[in-house]
Amino acid sequence: MPGMSGRMSTVIKSKINKMLDKAEDPSETLEYSYTKQMELLQNVKKGVADVVTAKKRLQLQQQKLEQQVVKLDTQARQALASNREDLARTALERKQFAQNELQTLDQQVVELEAQQQGLIEKEQKLRSKLEQFRTKKEVIKAQYSAAEAQVKIGEAATGVGEEMADVGMAMQRAQDKTENMRARASAMDELEAAGAFDDNLTLTAGQDDIDRQLHELTSGSQVDDDLAKLKAELGSGSAASPALEQGKPAGQPTQDGQQ
Amino acid sequence: MIVRIATEDQYRLPDEDAQRLNELDNEVVAAVEADDEDRFHALFEEMLALVRSDGRKLGDDELEESDVILPPPDTSFVEAAQEFTGDGLIPD
C-alpha cells in the first residue's frame, strides 16, 4: 500500500534515517545499531524485573488486606455482641472498604501478570530479530558495495528499529502502569498507618477524619445489609453472651439460659 | 500490507483489508471528535479484531517495516485523541 504510513512509523523511520545519514561507513552503522539494540535488550530485562517487583508488592498487600477482612469481621461480631452497634458499623465499613480495595488489587495483579508475560514474549521476539539482523549484517558487509549496503541496511535497520521502538513502548507503558499502582499502594499504606485498619476499635465511631472518609467511601446499604446479617446470626445463636464465644473453651458450661 | 498493533505484534494482511481498515480509521476519528468514548472503544476493538483475524503474524526472522501502526490495544480515550486526528492513522 503505497502512501500508507502511520504517524509512529514515520517517526521511527526519520530517526533511523538520521542515524544512517550520520554514518559514513555502512558497516559502522550496522555495528552501531546492533550495539544499540543489545543495550535495549538489557533494558527490557530490567523492565520485566520492575514489573515482577511491583507484582510482589501488590501480592503482599493482598495478603494483608485479606487478614484485615477476617479481623474486622471478627471485631464487628464482638462489638455487636457487646451491644456496640456503632463500633460494629465502623468495623463493617472498614471491612467493606478493605474488600473494595482487595477487588481492585486482584485486577491489578492480573493486569501485571499479563504485562509481565507480554514483556517476556517481546524480549524473546526482539532477541530473535536481533539475531536475524546480526546474520544479515554479516551478509551485507561481505556481499554488497557501499552504496547497495546503505540501502539494505536501511531496510533491515527500519524493520528491527520498529521492533525496538515497539518493545520500548511496551516497556514504557508497563512502567507507567506500575508507577500508578505504586502510588496507589503508597496511599493505602498511609491510610493504614493513619488508623484506617487499626487493630482496636476503641476510637469513638464516626468521630475522626478517617471514619468520615470511610462513611463516604463505603456504600451504606452494603454495610446495613452486613449489619442486619450479623444481627440475625447472633440473634439466632446464643444471644446472651456471644462476645465470649470466641475465647470460651468448648467444654465450659454455658449460662445462656440464665440471662 | 503489513500492520503492527503497537506493543503486540506485526501482521501481514491481504491488501483488500486496507479499505475496510481505512473506513474504520475514519470512523474512529469521527467518534473521537464527537467525544463518544463508547463508540471509540467499539470501533477500535473492531479494527484490532480485523487485523488479528485476517492477519498472519510475521515470523521472528522477518525484518519488515509496517505500512500502518495501530496504537496499543489498551489505548485510553485521552491517548486516542492524539492519534486519531485529521486523516487518522491512514492518510486518505
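The values are calculated or read from the model by the stated rules, or taken from the named source; none is laboratory data. Computed from a prediction, not measured in an experiment: that's the story for all the values here. Positions of Cβ are backbone-derived with ideal geometry, glycine not excepted, and every protein chain shown enters the neighbour counts. Areas reflect the complete protein model, heavy atoms only, side chains present, ligands, DNA and RNA absent. Shrake-Rupley method; radii C 1.70, N 1.55, O 1.52, S 1.80 Å.
Listed by position, the helices (runs of 4 or more DSSP H) enclosed by chain B that each have at least 3 residues that are among the charged types (D, E, K, R), open to solvent by 10 Å² or more (accessible area, probe 1.4 Å) and touching a residue at least 40 places away in the same chain (Cβ under 8 Å) are B:37-54.
Of everything listed in (1) buried (at least 16 other Cβ atoms within 10 Å of the Cβ); (2) at pLDDT below 85, the single unmet condition for A:Glu28 is (1). Looking at this structure, is A:Ala165 at pLDDT below 80, closer than 27 Å to A:Leu40 by Cβ, assigned to a helix (DSSP H, G or I) and open to solvent by 10 Å² or more (accessible area, probe 1.4 Å)? So A:Ala165 does not fit the description; no.
Is it the case, given these coordinates, that A:Gln67 is polar (S, T, N, Q), in a helix (DSSP H, G or I), farther than 30 Å from B:Asp61 by Cα and open to solvent by less than 70 Å² (accessible area, probe 1.4 Å)?
Details: polar (S, T, N, Q): yes; in a helix (DSSP H, G or I): yes; farther than 30 Å from B:Asp61 by Cα: yes; open to solvent by less than 70 Å² (accessible area, probe 1.4 Å): no.
Considered against the rule, which asks whether it is polar (S, T, N, Q), in a helix (DSSP H, G or I), farther than 30 Å from B:Asp61 by Cα and open to solvent by less than 70 Å² (accessible area, probe 1.4 Å), A:Gln67 comes out as no.
Considering the range A:107-122, and only residues there that are crowded, with 21+ Cβ neighbours inside 10 Å and more than 12 Å from chain B (Cβ to nearest Cβ), the residue that is farthest from A:Asp50 (Cα to Cα) turns out to be A:Gln108.
If the condition is being touching a residue at least 40 places away in the same chain (Cβ under 8 Å) and more than 29 Å from B:Val68 (Cβ to Cβ), then the range A:145-177 contributes only A:Ala146.
Yes/no matrix, rows are residues, columns are (1) open to solvent by 70 Å² or more (accessible area, probe 1.4 Å); (2) under 25 Å from the mean Cα position of the chain (by Cα); (3) away from chain B (no Cβ under 14 Å); (4) hydroxyl-bearing (Ser, Thr, Tyr):
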| site | (1), (2), (3), (4) |
| --- | --- |
| A:Gln78 | yes, no, yes, no |
| A:Ala88 | no, no, yes, no |
| A:Ala91 | no, no, yes, no |
| A:Gln132 | no, no, no, no |
| A:Ala146 | no, no, yes, no |
| A:Gln150 | no, no, yes, no |
| A:Glu155 | yes, no, no, no |
